[in-house]
Structure formats: structure tokens, C-alpha cells
Amino acid sequence: MFDLVPFGRQERNLWNRVMQDPFRVMNNFWTDTSSMCTDIEDRGDHFLLQAEMPGIAKEDIRIDIEGDRLRLQAESKQEKDDEKRNYVYRERRYYRYDRSYNIRGIDQDGIRAKLVNGVLELTLPKQTEAAPKTRSIEVQAEDESQSEES
């Protein structure tokens, strides 16, 4: 369960983030890469991952799996005619989302995704443990094993 926590989420201290990657922090002033909030719910036989992606079309979402890593990427596309408009004030920004999750223990062939009202929902089925194979071993009588050796 804890493997599903996104990579890099343990760094909450702003100073540590600035010291480790100052260019990424400065870039966040112009683009927002950290606002994709996710919830992960254990539903028994699967996990349900919900990621907020307001204003993102399904065509602009990319989901890749590399080994045991699931990567979500998306970006909002600004209109091409923005230069032609005469804005007096504008608060809309460009959004880029990029998050990775460890999906060890997930049946990768069964992963499903859908976008509902700006929320991406990923169904992540848990791998079922294979039942141990059972077999019977015949017990031979002592005189049978000696006759086989002759």
C-alpha cells in the first residue's frame, strides 16, 4: 500500500527543495507542476487512484509503465490565439503534471483509466497470489523399493 505513495512526496521542506533543485522551484513560479492532488483508496481487490486534472482533455494525458513504475503526465494547452486577444487581466496559467508511482504488486495488464469531471481515475488491480501447487507422493513399501534396486 505504501509503495503507491508518489516518488518525491517525502520532501515537504521548501528550503531543501530549493537547495536540491533551484531551477525547478523557480520554474514553478511560471508553471505549476506540483498541484496534481491524488487520493489512493484500498478497495479490497484493487486500489483506486484519483488525480485532479482540471481543464485537461483526455488527449493531453499520458500514462506510461516502465517496469514497476507508473508515470502520469499531462499538460494544459493554451489557446493558440492568445496573442490576438486583448487581455486586461488574466489569471489562467499553464499547467504541467508529472507524477510517478511504484506499482509493485499490481496486475499491470488490468490497469484501467478514465477521466470524469476533471478527475483521472485509475483502477489498479492487486496481483493475486498463486495458490501453491499440491500433489500427492506415493509411499512405497520397503520390499518394493529393494526389488526396484535389483
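For region 47-62, enumerate the residues that are free of Cβ contacts under 8 Å to residues at least 60 places away in the same chain and part of a strand (DSSP E or B).
Of region 47-62, the ones free of Cβ contacts under 8 Å to residues at least 60 places away in the same chain are 57-62.
If the condition is that a residue be free of Cβ contacts under 8 Å to residues at least 60 places away in the same chain and part of a strand (DSSP E or B), then ILE61, ARG62 are the ones that fit.
On the given criteria, is THR33 closer than 12 Å to ASP98 by Cβ and either surrounded by 13 or more Cβ atoms within 10 Å (Cβ to Cβ) or modelled with pLDDT under 90 (or both)?
Numbers: closer than 12 Å to ASP98 by Cβ: yes; either surrounded by 13 or more Cβ atoms within 10 Å (Cβ to Cβ) or modelled with pLDDT under 90 (or both): yes.
Answer is yes for this residue.
Please verify whether ARG104 is at pLDDT 85 or above and not acidic (Asp, Glu), treating the condition exactly as stated.
Considered against the rule, which asks whether it is at pLDDT 85 or above and not acidic (Asp, Glu), ARG104 comes out as yes.
Counting only residues that are in a loop (DSSP other than H, G, I, E, B) and hydrophobic (A, V, I, L, M, F, W, C), which one in region 107-150 is modelled with the lowest pLDDT?
ALA131
Which of the residues that make up region 111-138 are small (Gly, Ala, Ser), without any contact (Cβ under 8 Å) to a residue 60 or more places away in the chain and loosely packed, with under 13 Cβ neighbours inside 10 Å? So that I can check it myself, show each step before the final result.
Residues of region 111-138 that are small (Gly, Ala, Ser), as a first pass: 113, 118, 130-131, 136.
Narrowing the set further to residues that are without any contact (Cβ under 8 Å) to a residue 60 or more places away in the chain leaves 113, 130-131, 136.
Those that are small (Gly, Ala, Ser), without any contact (Cβ under 8 Å) to a residue 60 or more places away in the chain and loosely packed, with under 13 Cβ neighbours inside 10 Å: ALA130, ALA131, SER136.
Take GLN20 and decide whether it is modelled with pLDDT under 90, over 18 Å from GLY118 (Cβ atoms) and either more than 13 Å from the chain's Cα centre (by Cα) or surrounded by 13 or more Cβ atoms within 10 Å (Cβ to Cβ) (or both).
Yes.
The values are calculated or read from the model by the stated rules, or taken from the named source; none is laboratory data. Please read these numbers as outputs of a predicted model, since none were measured by experiment. Note: ideal-geometry Cβ built from the backbone for every residue, glycine included; neighbour counts use all protein chains shown.
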